Structure formats: structure tokens, C-alpha cells
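What follows is one structure encoded as C-alpha cells, with my remarks underneath.
The values are calculated or read from the model by the stated rules, or taken from the named source; none is laboratory data. Just so it is clear, the model here is predicted, and its values are computed rather than measured. Cβ placement follows ideal geometry from the backbone for every residue including glycine, while neighbour counts extend to all protein chains displayed. Heads up: the accessible areas ignore ligands, DNA and RNA and are worked out on the full protein's heavy atoms, side chains in. Shrake-Rupley method; radii C 1.70, N 1.55, O 1.52, S 1.80 Å.
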Amino acid sequence: MTPTPRLLIVEDDPNFRETLAIEFQERHYRLETAADSSSLESVLKEIEHFRFALVDLRLKGDSGLDLIASILFHSPTCRVVILTGYGSIATAVEAVKRGAVNYLTKPATIERIEQALWMDGETRSIDENEPLSLDRHEQEYLEYVLLQCQGNISQAARWLGIHRQSLQRKLKRTGLR
């Protein structure tokens with residue numbers, strides 16, 4: 001008999017976390033959930049190994065990208081998928097560099113999420129054939145610069161040659177902060 005795979009879900013939205021848990025339990029996954037980095041650390045201390053991890057990119061006070069290292073340190077063969085409502089090429093590349101096997105933008109069907117857990121490669125829902133708008137280009141570049149500056153807004157503003165307050169307004173308008 002094949003053992004049921006153990007899945008870790010790290011999602012700060014309690015309703016979405018519960019929906020994912022129910023869907024994957026119906027698919028016979030053994031589940032553990034966490035809402036943030038501190039609850040993740042508690043889960044990692046209790047559970048020996050995870051086969052899969054589904055991690056939200058933006059958690060209240062945490063970045064899902066920063067949690068990849070903890071998960072992979074605990075379970076080196078774990079297949080981590082980043083799930084986000086704020087998809088960009090820069091974060092997809094960064095997620096893969098940090099060890100994620102896949103990256104999906106919301107909304108995504110449960111079938112697509114499950115497929116991303118099992119398969120390598122980007123299955124994002126951003127249409128690569130559709131030309132990007134100027135706003136989308138700006139958002140992608142701002143996210144790239146923030147990643148290069150490790151989230152330091154003052155350093156990113158200097159890199160871009162704009163005032164810190166101007167960058168903060170742009171980030172707020174594009175939904176990055």
C-alpha cells in the first residue's frame with residue numbers, strides 16, 4: 001500500500017487555508033497547516049518529514065520566499081510550491097532560486113495546484129503571449145529592485161533615483177506593499 005503524502009500548507013487567510021485543507025484531505029493527503037513563520041516552526045518541530053509544501057507568497061509580516069529555506073532544511077526532498085495573488089516573473093525566478101519547484105498565481109484550481117506539487121516547472125497563470133501593460137512592467141521592475149535590495153525601501157529608492165516616499169506611493173498603488 002502506497003503511503004499517503006504529507007502536505008504542509010502555509011497560508012495566512014484562515015478561510016482559504018481551510019478550503020485547501022479540505023480539498024487535499026479529500027484527495028487523501030495527510031495535512032499540517034501554519035499561518036505564519038512562528039506557527040510553521042512549531043509544525044516543523046512536531047513533524048518528521050513533508051513530501052510537499054504549499055506556501056503563500058505574502059503572509060502577514062512574513063514572506064513565503066523566506067520560509068522556503070526553513071522548510072527545505074527540515075525536509076530536504078520536500079517539493080515547495082509558492083502560491084500568490086501577486087504574481088510576477090521576478091518573484092517566480094526568486095522562488096525557484098530559493099528551492100521552490102513551482103510557482104502559481106491565484107486563482108488556481110485545486111487540480112492545477114496538485115499538478116504543480118507533482119511536476120517541475122512554472123505553471124503560472126500569467127499568459128506569456130499577452131503583451132505586458134506599462135503598469136505591469138513597472139510592477140515587475142519594482143519587484144525586481146526590491147528583491148535585489150532585500151526589501152530595503154530606502155536602498156531601492158536610491159537604486160531607482162527617486163525619493164523614498166515616491167517609491168512607497170508606487171508600491172502602494174501597484175499592490176506590492
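Quick look at the values:
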item	result
Qualifying residue in segment 117-125 (condition: of a type in the set (D, E, K, R), surrounded by fewer than 17 Cβ atoms within 10 Å (Cβ to Cβ) and at pLDDT 90 or above)	no
Whichever residue in segment 60-85 is more than 9 Å from the chain's Cα centre (by Cα) and hydroxyl-bearing (Ser, Thr, Tyr) and, among such residues, is surrounded by the fewest Cβ atoms within 10 Å (Cβ to Cβ)	Thr77
Residue satisfying condition, being open to solvent by less than 60 Å² (accessible area, probe 1.4 Å), within 18 Å of Ser88 (Cα to Cα) and either part of a helix (DSSP H, G or I) or modelled with pLDDT under 85 (or both), within set Arg173, Arg136	Arg136
Residue in segment 45-53 that is in contact (Cβ under 8 Å) with a residue 24 or more places away in the chain, within 21 Å of Glu140 (Cβ to Cβ) and of a type outside the set (D, E, K, R) present	no
In segment 1-42, residue most open to solvent (accessible area, probe 1.4 Å) [restricted to those that are under 16 Å from His74 (Cα atoms) and polar (S, T, N, Q)]	Ser38
Of residues in segment 88-101 being farther than 16 Å from Glu11 by Cβ and under 9 Å from the mean Cα position of the chain (by Cα), the one surrounded by the most Cβ atoms within 10 Å (Cβ to Cβ)	Thr91
Residues being surrounded by 16 or more Cβ atoms within 10 Å (Cβ to Cβ) and either farther than 16 Å from Lys97 by Cβ or of a type in the set (Asp, Glu) (or both) - total across segment 47-59	8
Residue in segment 79-97 that is of a type in the set (Ser, Thr, Tyr) and in contact with a His (Cβ under 6 Å, 6 or more places away or on another chain) present	no
